[in-house]
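Here the structure comes first, spelled out in structure tokens, and everything after it is commentary.
We did not get these values from a lab; they are worked out from the coordinates using the rules stated. Remember, it's a predicted structure, so these values are computed and weren't measured experimentally. Positions of Cβ are backbone-derived with ideal geometry, glycine not excepted, and every protein chain shown enters the neighbour counts.
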Amino acid sequence: MSSEKDRSPRRRRQGGLDFWAAPLLLVRYLGGRTTQLLGAVALGIAAGFGELLSVWAIWRVVVVIVDGDGDPATVWRHVVLCGVGVLGRAVAYSAATALAHLVAFHTIAEIRLALGGAWVRRPVGEVRRRHSSTAKTLALDSCEKMELFIAHVIPETAAAVTVWISVTVWLFTVDWRMTVAAVALVPLAFATMLRAIRSNGHRMGRWLEARTAMEAAVLDLLTALPVIRVFNRTGAEHRRTTDTVRENARLQSEWGAAFVRWGSPFSSLVASTVLVITPVGTWLLYTGDLTVSGFLLFVVIGPAYPVPLVTVFHRMVALPMLAAGATAIETELAEGPDTGIHRGTGAPARVPGYLRPVAVDFDSVSFSHEPGSEVLHNLSFHVPADSVTAIVGASGAGKSTVIELMAGFHTPDSGKIRLGGRAVDEMEPGELSRHVAAVFQKPYLIAGSIRDNICLARPDADDATIAAVAHAAAVDGFVEDLPEGLETVLGESGAGLSGGQRQRIAIARALLADRPVLLLDEATAATDPDNEAAVHRGLNELTRGRTVIVVAHRLHTIRHADNIIVLDGGTVAEQGTHDELIARGGRYAVLWGAHTVPADVVAGRAGTTHPDHGTGMHRGDQL
Ligand SMILES: Nc1ncnc2c1ncn2[C@@H]1O[C@H](COP(=O)(O)OP(=O)(O)OP(=O)(O)O)[C@@H](O)[C@H]1O
């Protein structure tokens, strides 16, 4: 039965490459530029006819000299016509190329925006699972291939085919036998070219994968260079990169060998047209069925006029690569669920309680990052509005997963997450992010200035408000020392700032966002001692008057929390206040013991007796 799925990219490309992927992608993202594209095609055809006019004029000059009376006026008229043809071709070709490129750039921009939109809407967890080189291949390399298709293949093919057909018809009216001789080898030549293109079709998917793997390996090598050096893994990591580079070269050689096998006969066959024209023409001259000028026409034009087609076919060498890239883009745009939190059911965008602390509930939530390995099992807990709940547990217990689910990075496999009583998966687009702010262990910073980073959620914030949050988060302390102040443009991922400084920017950003629910995932773990007090001051300010869920390994930072949930293997092992849990002597007491003993050893040496050196989080006056 024919269904919607039958036309899906995956279905169409079964058994090889989907050569329709690029044209379909173009149609989808061409927008209102159809007229411009048709204009480029028309100008391309005009350029082809300009070239034809010049060749025809030269032939007429030859005819006048050989057959006619050699009238200088006629000769000059045709010389002028030849010039008009050459000039016309140059003008039309330039205009066609410029117009086609404009269309190409616009279309590629639309495709890139669509890819960006798809990644932004998709659950963060799903997008993060992929290596950034995959995104780079799709958004840069595969999109660039579309430029070749739109700006060159389309107008040039239209021009070449139109001119070839027109010239063939014209030559046919001059002498059909010579025309047959002139085109005799063309079908054979193009059959070999098609064979050459198809011979590599099945290799393109693998080549694309190999290229992506190579780029990923190079990126990994560069990113991890410091630890690779420190741990003396240079040889091993370099070998991994080398292997991917070699594999890429091997596939390219394979591709080249297969192409040459069929591509070379193509070039030879096209060049051999004159070998057919010459004996047939000589015979017809001998029998008196062809004039000398007619013979010259075929000898001059016969081998030359398929040349634009040859150029086009050489461009088509890239078609399998283009098809593979376009298919990958199409699959990326079609694939995967939109993040569940955007599937609204018509509820109002601003629920009652907006910007007031709301309760958070996990109601029998189960979740697996990978199919078959569930991380959270029927997890239920209640975080009252305007309270602080800490989630602790051994490494791998699922603490960060709880935070990521709460932030909407993933959708639960089953169960509900509720915010102020409303299920997150029934919220309107953007509603969850209007309620929730997060500060992670790694303070993700965007490319831009410190001000841009602080104002991420509220780009229109006024200077006084920015100054207030910068002060509360102790950002102003180090910003004042920077020559450009808040306008200082950060290097990649905040390069140039310490971990604590980056964290303070993240805290200022969350303060300015002013969300009623705050998620803190190991927000102080990477903070150096010099910055710790400042970061804690910022956090204490941030947690005031909000519903806070905090994940922490350093238990002394959360011992004043209203409720501590101890996770074990994706379920709640126990919960209560610090004192209650210590008194119970269960899992938390064991964790606390493990947490304090090594610290006491250090503290003992330093002459102190407690790990909390006064830097713990204190929520306003409560925590
Ligand atoms: N993106 C992911 N893909 C696959 N598995 C994952 C992913 N993230 C986490 N996991 C797995 O889920 C489980 C819970 O991980 P999670 O990071 O939530 O634990 P955690 O309690 O925060 O650990 P830690 O204290 O070490 O940060 C672990 O077994 C981990 O290997």
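Computed from the Cβ-Cβ distance with R0 of 51 Å, the FRET efficiency linking THR168 to ARG250 stands at 0.75.
Overall form of the range 360-606: oblate. Here a/c, set by the Cα gyration tensor axes a ≥ b ≥ c, is 1.5 or more, and a/b is not larger than b/c. Which parts of the range 249-281 would a label at GLU144 reach, counting a residue when its backbone N lies under 18 Å from a point 7 Å out along Cα-to-Cβ? Under cut-off, by backbone N: 249, 252.
Of the peptides 370-377, 109-116, 300-307, how do they stack up when ordered by the mean number of other Cβ atoms within 10 Å, highest first? It would help to have the intermediate numbers written out before the result.
On the way: 370-377: 13.0, 109-116: 16.0, 300-307: 18.9.
Descending mean neighbour count gives 300-307, 109-116, 370-377.
Put in order of Cβ neighbour count within 10 Å, fewest first, the listed residues ILE450, ILE165 become ILE165, ILE450.
Model label sites at ASP462 and LEU296, defined 7 Å from Cα along the beta-carbon direction, differ in position by 8.6 nm. With R₀ set to 30 Å, the beta-carbon distance separating GLU484 from LYS442 gives a calculated FRET efficiency near 0.80.
Between HIS471, PRO459, ILE446, the Cα set farthest toward the positive side of the dipole of the range 360-606 (charges on each charged residue's Cβ, about the Cα centre) is that of HIS471. Legend: calculated FRET efficiency, HIS101 to LYS136, from the Cβ-Cβ distance at R0 = 25 Å, rounded to 0.05, equals 0.65. Report note on the peptides 507-518, 384-395: ranked by the mean count of other C-beta atoms within 10 Å, highest first, their order is 507-518, 384-395.
Extension gain, SER433 to VAL572: 0.36 nm times the residue separation minus the Cα-Cα distance gives 47.4 nm. Placing a label point 7 Å from the Cα of HIS238 along the Cα-to-Cβ direction, the residues of the range 197-223 with a backbone N closer than 15 Å are 218, 221-222. Our coupling estimate for the range 454-466, obtained by passing each phi through the Karplus curve with A = 6.51, B = -1.76, C = 1.60 and θ = phi - 60°, is 5, 8, 3, 7, 9, x, 8, 4, 7, 4, 5, 5, 4 Hz, Gly and Pro reported as x.
In a simple Cβ point-charge model (Lys, Arg +1; Asp, Glu -1; nothing else charged), the range 360-606 has a dipole of about 520 debye relative to its Cα centre.
Annotation: amide H-H contacts under 5 Å for VAL439 (H modelled 1.01 Å from N, sequence separation of 5 or more, or interchain): LEU519, LEU520, ASP521.
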